[in-house]
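J.: Mind looking over this structure? Questions follow.
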Amino acid sequence: MRVTALAGGFGGARFLAGVVAEGHEVTAVVNTGDDLWLHGLKVCPDLDTVMYTLGGGISAERGWGREGETFAVSGELAAYGFGPAWFGLGDRDLATHLIRTQLLEAGQSLTDVTAALCARWRPGVTLLPMTDDRVETHVVVDDPETGTRHAIHFQEWWVRHRAALPAHAIVPVGAEEAKPTPAVLQAISDAEIVLLPPSNPVVSIGTVLAVPGIRDALLAADARIVGVSPIVGGSPVRGMAAECLTAIGVETSAQGVAAHYGARSAGGLLDGWLVDSSDPCEVEGIAVGALPLLMTDLDATRAIVRAAIAL
Ligand code: FO1
């Protein structure tokens with residue numbers, strides 16, 4: 001089937017591997033709110049995580065960046081006192097950012113640049129940034145030293161502080177002015193089914209939905225929309241979804257996230273919602289399916305994909 005998925009980084013990439021393995025024709029609309037400019041280079045963590053994971057280049061142990069990575073350049077930058085030391089830019093990964101930055105500066109869109117990079121990695125999906133415009137997720141925190149309230153880039157909150165600083169707000173800066181690309185809108189209207197992988201519902205899928213026009217396109221689509229809970233056994237499988245959900249006042253549960261996305265019949269997004277067998281979930285207007293949701297290996301992920309499509 002023609003499947004369109006809204007995806008973030010690690011969880012989204014693993015889920016997409018299952019959709020591809022099931023033989024579907026997949027378009028991934030990927031969050032770019034985690035993107036950052038570093039040393040003059042454009043870094044796109046979620047696009048790269050999906051591209052490297054599906055293209056076979058991902059570091060299995062980190063879940064981001066390249067397999068067999070070295071950090072010589074990062075070490076040299078640190079020796080010059082050129083930070084931020086807390087963000088690990090690998091030597092192999094740098095090649096991706098050098099090419100992306102050059103092509104962007106030559107006037108190519110992020111969509112075209114992503115396609116050019118995928119010519120090497122051949123991820124088996126059409127990889128689309130949610131927009132070609134600049135959207136950057138910033139997090140409002142109280143500075144641990146001075147106590148002053150200020151916004152920091154998502155990556156500083158996520159990587160430097162491990163989301164340990166309570167987030168007073170999570171803001172996709174630039175989202176209001178951003179536009180979905182024509183390719184994104186086409187992928188949503190062409191889809192036979194739309195899947196919401198178990199990516200972070202706030203900073204990954206939530207940021208994609210913050211781009212004006214994407215939510216409306218989903219509601220207007222013929223395709224059914226089925227989501228997969230990122231909360232298993234009452235807690236997130238990986239990452240800091242709990243801190244993100246708390247920041248926006250949503251309960252960290254399969255039920256809480258389903259209610260947050262909402263039932264399509266009530267103006268929300270979901271026709272169906274897959275939960276782990278251990279998580280109760282009952283939301284008016286949403287068909288709920290339950291099965292083991294841990295993507296322990298490709299076969300487990302494929303079973304989840306089949307269950308989502310069956311639902
Ligand atoms: N995550 C970390 O926890 N530490 C890092 O040093 C780090 C570096 C990094 C470099 C490139 C890249 O594409 C991703 C990187 N990530 C790192 C992961 C990144 O913070 C997350 O992938 C997303 O932003 C959340 O999905």
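The values are calculated or read from the model by the stated rules, or taken from the named source; none is laboratory data. In this text the structure is predicted, and so the values were computed from the model without any measurement. Cβ atoms come from the backbone with ideal geometry, glycine included; neighbour counts cover every protein chain shown. With ligands, DNA and RNA removed, areas are computed over all heavy atoms of the protein, side chains included. Shrake-Rupley method; radii C 1.70, N 1.55, O 1.52, S 1.80 Å.
J.: For Leu196, list long-range residues whose amide hydrogen, built 1.01 Å from N in the peptide plane, is under 5 Å from its own amide hydrogen.
T.: Val226, Gly227, Val228
J.: Still on this model: Across region 185-191, in residue order, what do the Karplus-derived ³J(HN,Hα) couplings come to in whole Hz, using 6.51 cos²θ - 1.76 cosθ + 1.60 with θ = phi - 60° and x for Gly and Pro?
T.: Whole-Hz 3J(HN,Hα) from phi for region 185-191: 5, 5, 5, 6, 6, 7, 5.
J.: Next question. Which residue, chosen from Val20, Thr96, Gly267, occupies the Cα position most advanced towards the positive end of the dipole of the chain, where the dipole is computed from +1 (Lys, Arg) and -1 (Asp, Glu) charges on Cβ about the Cα centre?
T.: Looking along the dipole axis, the top candidate is Val20.
J.: In addition: Using only Cα atoms and rounding to the nearest 10 degrees, what angle (0 to 90) does helix 110-121 make with the longest principal axis of the chain?
T.: For helix 110-121, the angle is close to 90 degrees.
J.: When the chain is treated as a GNM, springs tying every alpha-carbon pair under 10 Å, which of Asp297, Asp91, Asp279 comes out with the largest mean-square fluctuation?
T.: Result: Asp297 has the largest fluctuation of those listed.
J.: At R0 = 35 Å, how high is the FRET efficiency between Ala116 and Glu284 if r is their beta carbon distance? Nearest 0.05 is fine.
T.: 0.15
J.: Continuing with the same structure: Taking Cα centroids, how far is region 158-179 from region 190-269 in Å?
T.: 17
J.: Additional query: Taking the Cα-to-Cβ direction at Thr148 and at Gln102 and moving 7 Å from each Cα, how far apart do the two end points lie in nm?
T.: Computed distance between label sites Thr148 and Gln102 equals 4.0 nm.
J.: So, one more: If R₀ is 41 angstrom, what is the calculated FRET efficiency for the pair Arg162 and Ser277, using the beta carbon separation as r and rounding to 0.05?
T.: Once the sixth-power term is evaluated, E becomes 0.85.
J.: With the chain treated as a Gaussian network of Cα nodes joined by springs under 10 Å, which of Ile170, Ile193, Ile152 yields the largest mean-square fluctuation?
T.: Ile152
J.: Where nothing but the Cβ of Lys and Arg (+1) and of Asp and Glu (-1) is charged, how large is the charge dipole of the chain around its Cα centre, in debye to the nearest 20?
T.: With only Lys, Arg, Asp and Glu charged at Cβ, the dipole is about 360 debye.
J.: While we're here: Carbon and sulfur atoms: what percent of the 1.4 Å accessible area of region 221-263 do they account for?
T.: 47
J.: Let me ask another. To test your reading of the geometry: what angle, between 0 and 90 degrees and rounded to tens, separates the Cα axis of helix 91-105 from the longest principal axis of the chain?
T.: Helix 91-105 sits roughly 90 degrees off the main axis of the chain.
J.: Give me the net charge of Arg149's neighbourhood, meaning all other residues with Cβ under 10 Å from the Cβ of Arg149; Lys, Arg count +1, Asp, Glu -1.
T.: Once positives and negatives cancel, what remains is -2.
J.: Note the full-extension length gain between Ala310 and Glu67 as 0.36 nm times their separation in residues minus their Cα-Cα distance, in nm to one decimal.
T.: Difference between extended and current length: 84.0 nm.
J.: Can I ask one more? Residue by residue through region 143-151, what is 3J(HN,Hα) from phi via Karplus (6.51 cos²θ - 1.76 cosθ + 1.60, θ = phi - 60°)? Round to whole Hz and write x for glycine and proline.
T.: So the J values, rounded to whole Hz, are 4, x, 7, 8, x, 6, 8, 7, 9.
J.: Measure off, as a whole percent, the carbon and sulfur share of the 1.4 Å-probe accessible area of region 35-127, all protein chains present.
T.: 57
J.: Next question. With a point put 7 Å past each Cα toward its Cβ, work out how far Ile248 is from Ser109 in nm, to one decimal.
T.: 2.5
J.: In Å², what does the accessible area per residue of region 35-127 work out to with a 1.4 Å probe?
T.: Value returned for region 35-127: 47 Å² of accessible area per residue.
J.: Taking amide hydrogens as modeled 1.01 Å from N in the peptide plane, which residues meet the under 5 Å criterion relative to Thr126, leaving out close sequence neighbours?
T.: Val26, Thr27, Ala28
J.: Set the Förster distance to 22 Å, then compute FRET efficiency between Thr296 and Ala60 from the Cβ-Cβ distance, nearest 0.05.
T.: 0.95
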